[in-house]
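So the structure is just underneath, and the comments pick up after that.
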Amino acid sequence: MKIKKFLAPSLKEALSQIKKELGDDAVILSTKNLKQNGQATIVFEVVAGVEEDLPVAKINKSIKKKIELGDESGFDSELKILRQKIYYDSAKQPKIEIKLQEQKKTEKPKSPIEEQFAEIKSILVQNDINTRLAEKIILQIKNQLNLVKKPATKDFISSVISSLIPTEGFEVKKTSAPKVVSLVGPTGVGKTTCVAKLALISKILHKLNVGLISIDTYRLGAIDQLKTFAELSEIEMLVAYKEADIPKIMKRFAKKDLVFIDTVGRSQNNAAQLNEIKQTLSGVKIDETILVLNTTSSTKNLIDAAKKFKVLNYSGLIFTKLDESVVFGNILNVANEINKPVKFLTNGQVIPDDIIAADSDYIAKLIYTGKFS
Ligand SMILES: Nc1nc2c(ncn2[C@@H]2O[C@H](COP(=O)(O)OP(=O)(O)OP(=O)(O)O)[C@@H](O)[C@H]2O)c(=O)[nH]1
Ligand SMILES: [Mg+2]
């Protein structure tokens, strides 16, 4: 860059000298008001420079620096000139404008049907269905609509969602040996409450001979919680304090149709504690282990728990506390990702009323509308 200092009685004169010597591309680098020989006459000292193809950014930088240094006195007019120069330089860049025009051209207006699919996708995502599944659902709706030529009604959309939710019933056959079912899951998700609900329904509605085992000797009051329920509902309940207790209890329960094992709630992040549960249960042949999950938790946390609890070989899922949730997409996200069937949903604390056998159509409607039907 060529730099030169100019002295002139006025700024206008200084600028005209600069223009003459350095040309139109000159940039003002600094200006000062000097009092000549201590007298009142003011002389302007202007330092200007010129550089070929000076980038606009550099000009901005030099102005910024001056403002930061507080050296902007007497600068207003120069700044105006510089700004004009910047606008002029940027106006000289037609490529950018052409690009913007091209971008505008590619934004095609959506057709009414595309608008409708975009709205459906937005409803799915708002209901916490993850983007991958939302896109899969939209694709399936599109494909099926092409085949059946039907409008995309709520029922139709729900039926597509339903096809992605694995569910399975809970069956108990009266055989010579009892069916043994254990409920596992993170802390406080509602395992014990589920055991109580299922045990009472099995006893009252299905006339089954039910036994309860608690291996939760860790949490204060856990045994009393199940014991009180067992006494009130006249269901036999025993506690396994150690691994060796379970085979003995099972001998006592040999004539039962159904035995529920209530396990201690543990964090999925504590692998050692999950292995302890596995060890305690190793003394009995378990027919079905069900993972209990709280619907109010995020998809990420639920999938993490579901993955880590796999060490306990569960084959189905129960989603609890639906009554405390406002969106239900995580049920689909988790069941689909983990690829295990949903067996029950619970929607309240009342034993045994607040439990529903999982039905994929019901869950799909619940997810899509956010409402219990
Ligand atoms: N709102 C609501 N509360 C529930 C539901 N299921 C269980 N609860 C409540 O959740 C709390 C914990 O339930 P528990 O059954 O003790 O949970 P848990 O998984 O056995 O807990 P830990 O054994 O300590 O891990 C209790 O207050 C239950 O009444 C449900 O579906 N809805
Ligand atoms: Mg419990």
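Just so you know, all these numbers are worked out from the coordinates, no wet-lab data involved. Since this is a predicted model, take the numbers as computed values, not measurements. Cβ sites come from the backbone with ideal geometry, for glycine too, and all protein chains shown count toward neighbours.
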* Could you quote the convex hull projected area for segment 112-162, Cα atoms only and averaged over all directions, in nm²? => 3.2
* Asked: Which whole-Hz couplings ³J(HN,Hα) result when phi for each residue of segment 314-324 is put into the Karplus expression 6.51 cos²θ - 1.76 cosθ + 1.60, θ = phi - 60°, listed in order with x for Gly and Pro?
  -> 6, 10, x, 10, 10, 9, 10, 6, 4, 5, 9
* Between their Cα atoms, which of Lys197/Lys285; Lys207/Lys343; Lys136/Lys278; Lys149/Lys321; Lys191/Lys300 are more than 32 Å away from each other? -> Lys136/Lys278; Lys149/Lys321
* Fewest Cβ neighbours within 10 Å first, please rank Ser163, Ser30 accordingly. => Ser163, Ser30
* For the modelled label position 7 Å from the Cα of Ala254 along Cα-to-Cβ, which residues of segment 202-217 have backbone nitrogen atoms closer than 20 Å? -> 209-213
* Asked: For Asp287, Asp216, Asp262, what ranking results if the residue with the fewest other Cβ atoms within 10 Å of its Cβ goes first?
  -> Asp287, Asp216, Asp262
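On a full-extension model of 0.36 nm per residue, what is the gain between Glu114 and Asp304, subtracting their alpha-carbon distance, rounded to one decimal in nm?
Stretched out fully, the Glu114 to Asp304 stretch lengthens by 64.9 nm.
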* Points 7 angstrom from Cα along the Cβ direction at Val326 and Glu171: gap in nanometres? -> 4.1
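Given contacts defined as C-alpha pairs under 8 Å and at least six residues apart, what's the relative contact order of segment 200-241, whole-number percent?
Once divided by the residue count of segment 200-241, the mean separation gives 44 percent.
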* Other-chain or far-sequence residues with amide H under 5 Å of Asn209's (modelled H) -> Asp257, Leu258
